[in-house]
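Trainee: Quick one: the structure is below, questions incoming.
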Amino acid sequence: MNTQLLKGVLEGCILLVIQQEPIYGYALIQKLRQFGFESLVGGTVYPILQKLEKNGQIQGEMRKSPEGPDRKYFEITEVGKGTIQQFIAEWQQLTTNVTKIIKVANDHGDTQ
Amino acid sequence: MATHNSDFYREAYQKIAAQLNTENRQYFDQLSDYLISASITYDETALMHQLYDLVQDLQQAETNGETAETYFGHDPKAMADGILANTKPTSKRDLWQLLGIIVIIMSAFIFINTLADAGPLKIEPLHYLLIDTFTVVFIWLIFQTFKHFAFVKKAHIIQYFALFCLAGLYILFYLLVTYKIPAGIVWVLRPPLDLIIIGVILIGVIIFTLVTKSTTNRLVGLLIAFLITINGSSSVFYDGPIATYLRIGYLSILGLFLIFEIVFGVHFLVQHYFKQAK
């Protein structure tokens, strides 16, 4: 997927994953990979996490981790929940529009 | 959200980084060098905390069979720039505090050097201003050099050469300012005023060494006091308008200070050594 397009979508996806349960960086990346973003790397995710935290959409908290020392778990904030609602609405609008265009393009292709 | 100071996170991430395999360690070292070189203009604690989070995740990735490159990606510089773009910059207060510390250390160095000159104590404000300003620029250039070469492969030789050139430039500038550039305004402090000022500073430094709880501060304080005592004694020996009783009195005080500094210096060193040995 185009990197710029991916980054925009990824912010919303990261917020959605964090909304499910507080999670730390490594576990978040693994979860996103399981959802299909297989080639996703930390180099893309960490700056986004930093940005979301800076914007107050998520917040970090040091917690005990089953793997060893304390780790920074991210959890969603009220601002983040608002962003998720906006993301879902925009994404649905976008998919509707794109689906319409694809359908018209396909129909047009069939008639030619 | 930082719950510890930058030293805590620095020690913690270094401890974990030491356990990484060679390839991952090399990748992480470049990343940390780059971020640390930016810590002069960004919040140091936030950056150290970030490095701690990154190394923890990398360690887990390594345990699960990934390399730093497959986990973080092929462009660590882009990731570091992305992180820096969203990191809190150093507060104005911290920046001024840092500048203040540099200016104080450098001014103290110039002052102690001045004490070694024969004759009355001379303060040359223009020289202080020029050297202090250049020192700040010099330190900034060192950080920029580290940042510039952090991701350049096999750049150690070029990096050392650049640092060597910078150090040479700094020494050249220092000598030029000290010996070639006219001082302009000169404040001459004649005896006994210079002796009184030196004495007051000396007492201040010694009180600091007694009050401070840090062994490093204590030893640095004692070293400064020692240098002031040794260099300050030259003011007494010059052939100026100073009464004999003042010379003897001042030398006796300096002598006492010297004994105090040596005894306590050795005491603190031994104490520190035993603490480390335990």
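Every read-out reported here was derived from the displayed coordinates using simple, explicitly stated rules and does not represent laboratory data. Predicted model, so just to flag it, every value in this text is computed and none were measured. Note that we place each Cβ from the backbone using ideal geometry, even for glycine, and neighbour counts take in every protein chain shown.
Trainee: Based on alpha-carbon atoms only, what is the radius of gyration of the range B:39-102 relative to the globular estimate 2.2 N^0.38 Å?
Mentor: Dividing the Cα radius of gyration by 2.2 N^0.38 Å gives 1.41.
Trainee: Going 7 Å from the Cα of residue A:103 along its beta-carbon direction, which residues of the range A:51-95 have the amide nitrogen within less than 17 Å of the resulting point?
Mentor: Counting only backbone N, you get A:92-95.
Trainee: Expressed as a rounded percentage, what relative contact order does chain B have, with Cα pairs under 8 Å and six or more residues apart?
Mentor: 19
Trainee: Right, next: Just to be sure I understand the rule: take each whole DSSP H helix in chain B, project its Cα atoms onto its long axis, keep it if the span is 20 Å or more and its mean Kyte-Doolittle hydropathy is at least -0.5. Which ones pass?
Mentor: Result, helices passing both filters: B:44-63, B:92-115, B:125-149, B:156-179, B:193-211, B:215-232, B:244-277.
Trainee: A further question on this structure: What full-extension length gain, to one decimal in nm, is calculated for residue B:183 and residue B:19 as 0.36 nm per residue of separation minus the Cα-Cα distance?
Mentor: Fully extending the segment from residue B:183 to residue B:19 adds 53.6 nm.
Trainee: Say R0 is 51 Å: what FRET efficiency, to the nearest 0.05, do residue A:33 and residue B:220 get from their beta-carbon distance?
Mentor: 0.50
Trainee: Would you mind calculating the relative contact order of chain A from Cα pairs under 8 angstrom and at least 6 residues apart, reporting the percent as a whole number?
Mentor: About 26 percent, as a whole number.
Trainee: With label points built 7 Å along Cα→Cβ from the Cα atoms of residue B:259 and residue B:144, find their separation and express it in nm.
Mentor: 5.3
Trainee: Output the pairs from B:77/B:154; A:81/B:92; B:15/B:88; A:51/A:103 with a Cα-Cα distance over 27 Å in this structure; if there are none, say none.
Mentor: A:81/B:92; A:51/A:103
Trainee: Another question about this same structure. Which whole-number percent is the relative contact order of the range B:6-85 (Cα, under 8 Å, 6+ apart)?
Mentor: Worked out over the range B:6-85, it gives 41 percent.
Trainee: Also: Could you pull out every one of the aspartates and glutamates with an alpha carbon less than 17 Å from that of residue B:153, ignoring same-chain neighbours closer than 8 positions?
Mentor: Within the straight-line limit of under 17 Å, residue B:153 reaches these aspartates and glutamates: B:23, B:29, B:33, B:69, B:75.
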